[in-house]
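Take a look at the structure set out below.
Read-outs: derived from the displayed coordinates by stated rules, not from any lab. Small disclaimer: the values here were computed from a predicted structure and weren't measured. Positions of Cβ are backbone-derived with ideal geometry, glycine not excepted, and every protein chain shown enters the neighbour counts.
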Number of protein chains: 2
Amino acid sequence: MAFSERVSRLKSSLIREILAAAQRPEVMSFAGGLPAEAMLPEVEWADMPLSMGQYGMSEGEPALREALAAEARGLGVPCEASQVLVVSGSQQTLDLAAKLYIDKGTEILLEAPTYLAALQIFQLFGADCITVPLEADGPDLEQLRARLEKHRPAFIYLIPTFQNPSAVRYSEAKRDAVAALLDEFGVTLIEDEPYRELTFDGGSAMPIVSRLKKSSWIYTGTVSKTLLPGLRVGYLIASPDLFPHLLKLKQSADLHTNRVGQWQALQWIGTEKFDHHLRELRDFYRVRRDAFQCSLETHFADLADWNVPQGGLFFWLTLKQPMDTRTLLKPALAADVAFMPGEPFFPDPDNNPGHLRLNFSHIDPARLDEGLSLLAAVIRQAHAAKAA
Amino acid sequence: MAFSERVSRLKSSLIREILAAAQRPEVMSFAGGLPAEAMLPEVEWADMPLSMGQYGMSEGEPALREALAAEARGLGVPCEASQVLVVSGSQQTLDLAAKLYIDKGTEILLEAPTYLAALQIFQLFGADCITVPLEADGPDLEQLRARLEKHRPAFIYLIPTFQNPSAVRYSEAKRDAVAALLDEFGVTLIEDEPYRELTFDGGSAMPIVSRLKKSSWIYTGTVSKTLLPGLRVGYLIASPDLFPHLLKLKQSADLHTNRVGQWQALQWIGTEKFDHHLRELRDFYRVRRDAFQCSLETHFADLADWNVPQGGLFFWLTLKQPMDTRTLLKPALAADVAFMPGEPFFPDPDNNPGHLRLNFSHIDPARLDEGLSLLAAVIRQAHAAKAA
């Protein structure tokens with residue numbers, strides 16, 4: 001059996017395995033990143049024209065590209081519809097970017113921690129992952145400059161608004177500083193913003209790509225967190241030098257994104273109906289966030305430190321007594337509670353013990369307190385066993 | 001700008017450019033491979049559960065996997081639902097296979113001619129494309145054996161039923177012989193069957209994967225030619241040794257295939273309603289095929305040779321006086337007629353002049369005769385210019 005060299009780096013996804021283990025209905029899961037079922041909007045299909053069943057353009061539906069470009073311009077992203085590529089969920093942006101940039105040993109720059117599935121695809125293609133640590137308001141700028149002086153990364157991948165997993169939102173000052181550094185060193189930016197609209201305490205700052213003066217860029221988003229993830233409709237917007245390559249890569253990957261989902265997305269994007277839905281979604285998640293914070297204070301105050309997330313779907317806990325949280329999974333699942341260990345969100349997991357990612361959007365509020373209490377007990381027991 | 005090494009092999013697709021040039025309504029196009037609009041079935045969405053909007057499994061919807069496995073077993077493919085992976089159109093199978101097998105310089109074995117978009121993705125990943133010539137009933141077996149004795153291809157990619165572009169359907173004897181050769185040399189088979197159901201003159205022979213005794217295999221199909229291409233729902237079925245790798249590659253490519261399209265496909269696969277639709281589709285295309293053959297006899301009898309396709313969507317013409325048919329494109333488009341040159345269907349286009357691929361499913365029958373007459377005139381003019 002002769003597979004490609006890259007298959008030796010094809011990792012099983014820990015999150016997949018946890019989600020599989022957490023299928024039992026009695027398990028309280030803080031592991032995934034699913035939207036709450038109750039907030040999936042009712043959608044209508046009756047008016048969809050039959051022509052949406054025919055093959056479509058690799059670029060995506062023209063009207064949807066126009067709508068997405070208009071939304072992005074509203075955020076300050078300088079773009080035309082011709083720079084918009086509709087993709088099969090924003091995960092596909094990462095696949096296309098990996099193909100565009102990464103050979104074995106190609107250096108890329110990432111936040112530490114960063115999005116698990118981005119690591120998975122970038123490492124599959126053989127990237128050498130350089131990292132810059134995140135602080136509460138964005139990357140450590142001194143370390144970012146030091147990395148840029150020492151390395152020539154093919155791109156930097158950032159999730160500046162309510163990052164998965166850390167929930168960090170970059171400050172205005174750090175957004176400006178990051179843009180200036182990337183321009184100075186001529187580094188391409190891939191900016192991933194699935195959570196921008198899920199903001200609980202006020203509006204989100206302009207994307208970093210809108211602050212660039214020279215560097216190439218890819219901005220990517222999705223309707224998965226705001227409308228329906230099952231549609232698998234995301235998009236990327238790219239600087240004009242990159243767009244033609246990304247389009248050809250899209251075509252060779254799957255010809256085009258499904259038109260049924262594109263049509264449904266178009267019924268919402270930019271409408272008053274969508275604004276209304278987003279307001280309801282923010283209110284709903286804010287209440288869940290607040291309840292989670294309350295319950296965390298009760299059960300985790302002596303065990304961990306964390307910042308209250310201003311948006312997104314996750315709390316990111318740092319244990320006061322660091323330990324490899326992957327070892328907690330088995331006892332947690334035995335106690336019918338699931339969570340996501342923090343180590344896999346780093347390219348060097350073994351050097352980054354002691355974090356937990358907890359999703360607050362999907363758990364039944366009636367079981368929240370029970371779930372966090374059980375999880376805290378599992379951690380206490382592990383600490384006690386270690387001390388003994 | 002430092003792109004990956006593979007981007008140097010990222011080709012623009014000639015077919016895309018032709019389709020763009022053929023957008024003008026006055027152009028009669030034989031270039032694409034679109035299903036006839038008139039035969040897109042009316043579909044109902046009213047009963048789709050809202051839960052289809054949530055994230056789904058990377059493997060695909062369980063009920064759809066069961067239905068696809070049952071269909072495949074009906075064709076003689078030995079498989080369980082656990083071997084079925086729903087993909088975003090069967091083009092994605094080729095992307096996943098390229099990732100699984102192809103490093104720069106990896107030898108793979110293809111039919112000559114072969115499917116354009118397969119060449120595009122395999123060459124993007126750096127494959128060294130070895131070919132075996134097609135005869136009217138399948139590959140030249142002596143040459144196939146010679147290739148297998150000389151090379152160790154990572155896989156062989158075959159489209160044995162109404163191939164795009166050549167319309168070749170492998171005979172029973174050649175299917176058996178190919179399976180025996182692949183078992184003898186231990187070569188993995190990727191069998192692509194988008195056109196199996198579009199058969200005009202009787203049933204299709206059992207897939208080659210069902211005749212293998214030892215080799216690993218991937219069988220891939222789609223609902224794009226039988227139901228609605230805009231759904232972007234295809235599938236692969238793989239031998240158990242390959243499946244786990246393909247599943248992880250699927251997950252890292254786009255998490256999962258859109259569930260809306262999967263749900264719609266499930267409403268049809270294996271139903272009496274679908275059988276009825278397929279019968280209508282075959283009747284409709286048979287009539288178009290027959291009319292096309294009739295018109296070809298009138299206008300091309302002295303210009304080209306061809307076999308009457310027993311299925312699929314294309315006639316494959318071989319000019320009696322070979323010439324680079326890519327040079328015919330400009331004058332053809334000037335005469336408001338589009339076709340697909342044969343050269344790009346070969347890894348070595350310049351050594352394979354003189355073929356045209358003509359689609360018969362999509363042209364308006366009222367303009368068929370006019371279109372073929374114009375195309376024949378363009379060819380005659382080119383011959384005359386050459387002779388002058």
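Worth pointing out:
- A:Ser82-B:Asp241 pseudo-label distance in nm [points 7 Å out on the Cα-to-Cβ vector]: 5.1 nm
- Rounded to 5, percent antiparallel among DSSP beta bridges of the protein assembly as shown: 55 percent
- Spin-label proximity, B:Gln321 to the stretch B:366-388 - amide N less than 17 Å from point 7 Å beyond Cα toward beta carbon: B:375-388
- Since only A:Val308, A:Val178, B:Asn164 are under comparison, the one whose Cα sits farthest along the positive direction of the charge dipole of the protein assembly as shown, derived from C-beta charges on Lys, Arg, Asp and Glu, is A:Val178.
- For the stretch A:139-153, Karplus couplings with θ = phi - 60° (6.51, -1.76, 1.60), whole Hz, Gly/Pro x: x, 5, 5, 5, 5, 4, 4, 4, 5, 5, 6, 8, 10, 10, x
- Per-copy distances of the B:Arg367 label point, shortest first, in nm (7 angstrom along Cα→Cβ): 6.0
- Cβ charges +1 (Lys, Arg) and -1 (Asp, Glu), total dipole of the stretch A:55-271, debye: 360 debye
- 10 Å Cβ neighbours from other chains, averaged over peptide B:45-55: 6
- Shortest-first distances to equivalent copies, position B:Glu184, nm, label 7 Å out along Cβ: 6.7
- Antiparallel bridge percentage (DSSP; both residues within the stretch A:55-271; nearest 5): 40 percent
- Per the axis that maps chain B onto chain A, nearest residue of B (Cβ criterion) and its distance in Å: B:Trp45, 2
- Contact order relative to length of chain A, as percent, for alpha carbon pairs under 8 angstrom and 6 or more apart: 22 percent
- Per residue of B:259-267, other chain Cβ atoms within 10 Å of the residue Cβ number 4 on average.
- Kirkwood estimate for the protein assembly as shown, i.e. one over the average of 1/r between Cα atoms, Å: 27.6 Å
- With helices as the sole contributors, chain B gives -12000 deg cm²/dmol at 222 nm; each DSSP H run of n ≥ 4 counts as -39500 (n - 2.57), and the sum is divided by every residue.
- Pairs over the 28 Å Cα-Cα cut-off, from the set A:Lys250/B:Lys150; B:Lys150/B:Lys174; B:Lys225/B:Lys273; A:Lys99/A:Lys150; B:Lys99/B:Lys330: A:Lys250/B:Lys150; B:Lys99/B:Lys330.
- The modelled label-to-label distance between B:Glu37 and B:Thr271, using points 7 Å beyond Cα along the C-beta direction, is 2.5 nm.
- For the stretch B:1-80, the residue among B:Pro49, B:Pro35, B:Ile18 whose Cα projects farthest onto the positive side of the dipole built from Cβ charges is B:Ile18.
- Distance from the stretch A:167-203 to the stretch A:324-352 (C-alpha centre basis), Å: 28 Å
- Residue-span extension gain [B:Ala63 to B:His151] - 0.36 nm each, minus C-alpha spacing: 27.6 nm
- Per-copy distances of the A:Glu280 label point, shortest first, in nm (7 angstrom along Cα→Cβ): 3.7
- The stretch A:95-146 versus the stretch B:46-94: alpha-carbon centroid distance in Å: 33 Å
- A simple spin-label model places pseudo-atoms 7 Å from Cα toward Cβ; at B:Phe284 and B:Glu44 they are separated by 2.0 nm.
- GNM result for chain A, Cα springs below 10 Å: residue of A:Glu142, A:Glu107, A:Glu172 fluctuating most strongly: A:Glu142
- The aspartates and glutamates whose alpha-carbon is closer than 15 Å to the alpha-carbon of B:Lys320, local same-chain residues fewer than 8 away aside, are B:Glu297, B:Asp302, B:Asp305.
- Hull shadow area, averaged, chain A [alpha-carbon convex hull, nm²]: 20.4 nm²
- Bridge type composition, chain A - antiparallel percent by DSSP, nearest 5: 55 percent
- A Förster radius of 35 Å, combined with the Cβ-Cβ distance separating B:Asp103 from B:Ser12, puts the computed FRET efficiency at roughly 0.90.
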